[in-house]
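Okay, so here's the structure we're looking at.
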Amino acid sequence: MRWTTRSFHLCVFLLIFEATLVYGAKDKNIPNLDFSGRFNMTLRAQDRFEDVDLDKEAIIQAETDRKNGVKGVVDVRITSETDGLDLRDLFLNYKSDSDYRLTVGQAKKRFGLEWDYNLEDILTLTRTILFRRVSDLNYTGRDTLVAYQSADDKELGLNHNISLHTSEGLNAAFLYRLMHRLDEESFLASYTMVQRERISSGWTPLAGAQSFAYSGIHGHYRLEAELQAGKDQFETKYNQLVGRDRNIYFSGLSAGLRYELTDLKPFIRATIVLHDLGRLNQRATELKLGAKYHFHKRFFIGTEGALRNSRYNNQSRLASDSYLLFTLRYFYG
């Protein structure tokens, strides 16, 4: 029988079910599952309000209850754009008495601060163009992994996370995250990714990306900043195919601030992304403004607007776009 990623996920699911029975049986409660998730409804207008969309999304996560030992996690997503369930996470996690963790299954490539955070925890309502840049190059996403983490993310001091990734055999990646938690609300983090992609013409050249990030509370404000740089393996491969021996690199900087003292939390975030650094063929900027209002510990409403501009080939002519959105989110669990 051919061993596929789907077969692997099926085996992981069966192991999660077994873990549910084993650890639930210890408490004489079968099954013993904890559920959490969110519901999100977003109205988005762009192209001078000529294009208006209403998106609905539900996230459901179930995990087995444990203090130490094995925990199984299943996470699915339902949206108004799809007819069925979208499997996001499906993995087993083992926590030792000394607090290190081992994870195997399908889960996040935790590259970069914005993707390391869940959507409800990011500074703004949506992720920035810097995240979209690394996402387009497959430095983020969800795939099959084996990961080691030295301690919980909330523990003070250094925390190491090492993981190996693949997705249907179409890529292979190594990721190392080093986090230094300064206090309960502040940390520094470094993300190092090395990977290759398999395309129709063969494997892309070895590529990598690096991110340095900071998140912390200062007085009444939460401050975040992230610097990224990396290689565009797809354009580099294209250059090789047409006889041009030239690597393509990108870099980006994003910084933001949010007021934290009251239930109304206004925010601002600015981002710049440079692509093809040798020739500066593309420069994109984005400015986000908005606010979240938490009228209940499980509910918040928010609004966000953005102005974006792109410049190509060092020309003065700019391509620009903007959007405005309103969202309602409910969290449970």
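Remarks
- About the Cα centre, charge dipole magnitude for the chain (Lys/Arg +1, Asp/Glu -1 at Cβ), debye: 540
- Built from the Cα atoms of region 185-282, the convex hull projects on average onto 8.2 nm², one quarter of its surface area.
- Arranged from fewest to most other beta-carbon atoms within 10 Å of their beta carbon, 115, 203 become 203, 115.
- At most 13 other Cβ within 10 Å, DSSP loop - trypsin sites (Lys or Arg not before Pro), region 51-82: 67
- Under a 5 Å amide H cut-off, with hydrogens placed 1.01 Å from N, residue 142 pairs with 109 among residues at least 5 apart or on other chains.
- Only one residue of 328, 218, 206 has its Cα farthest out toward the positive end of the dipole of region 194-333, where Lys and Arg carry +1 and Asp and Glu -1 on Cβ, and that residue is 328.
- Extension gain, residue 99 back to residue 170 (0.36 nm per residue minus Cα-Cα distance, nm): 22.3 nm
- Pairwise FRET efficiency - residue 183 versus residue 80, Cβ, R0 = 45 Å, nearest 0.05: 0.65
- Computed over region 185-333, relative contact order equals 14 percent, with contacts defined as Cα pairs under 8 Å that lie 6+ residues apart.
- Direction-averaged projected area, Cα convex hull, the chain: 20.0 nm², rounded to one decimal.
- Here the gap between residue 41 and residue 210, fully extended at 0.36 nm per residue and compared with their Cα-Cα distance, gives a gain of 57.5 nm.
- Annotation: the residues 200, 96, sorted from fewest to most other C-beta atoms within 10 Å of their own C-beta, follow the order 200, 96.
- Taking every C-alpha pair closer than 8 Å and separated by at least 6 residues, the mean separation divided by the residue count of the chain gives a relative contact order of 13 percent.
- Within the chain, the selection of entire DSSP H helices by a Cα span of 15 Å or greater along the long axis and an average Kyte-Doolittle value of at least 1.0 returns 5-26.
- For the chain, the longest piece that avoids every one of the GluC sites (Glu not before Pro) found in DSSP loops with at most 10 other C-beta atoms within 10 Å covers 185-333.
- Per DSSP, loop trypsin sites (Lys or Arg not before Pro) in region 129-187 with at most 12 further Cβ within 10 Å: 154
- Pairs beyond 25 Å (Cα-Cα), from 231/292; 265/297; 108/265; 56/297: 231/292; 108/265
- The gain in end-to-end length when the residue 295 to residue 238 segment is fully stretched comes to 15.4 nm, 0.36 nm per residue minus the alpha carbon separation.
- Listed by Cβ neighbour count within 10 Å, with the fewest neighbours leading, 237, 297, 288 appear as 297, 237, 288.
- Mean Cα-pair separation over length for region 144-201, i.e. relative contact order, pairs under 8 Å, 6 or more apart, %: 29
Laboratory data are not the source of any read-out in this text; all were calculated from the coordinates shown. None of the values given here were measured: they were computed from a predicted structure. Cβ coordinates were reconstructed from backbone atoms using ideal geometry, including for glycine residues, and neighbour counts include every protein chain displayed.
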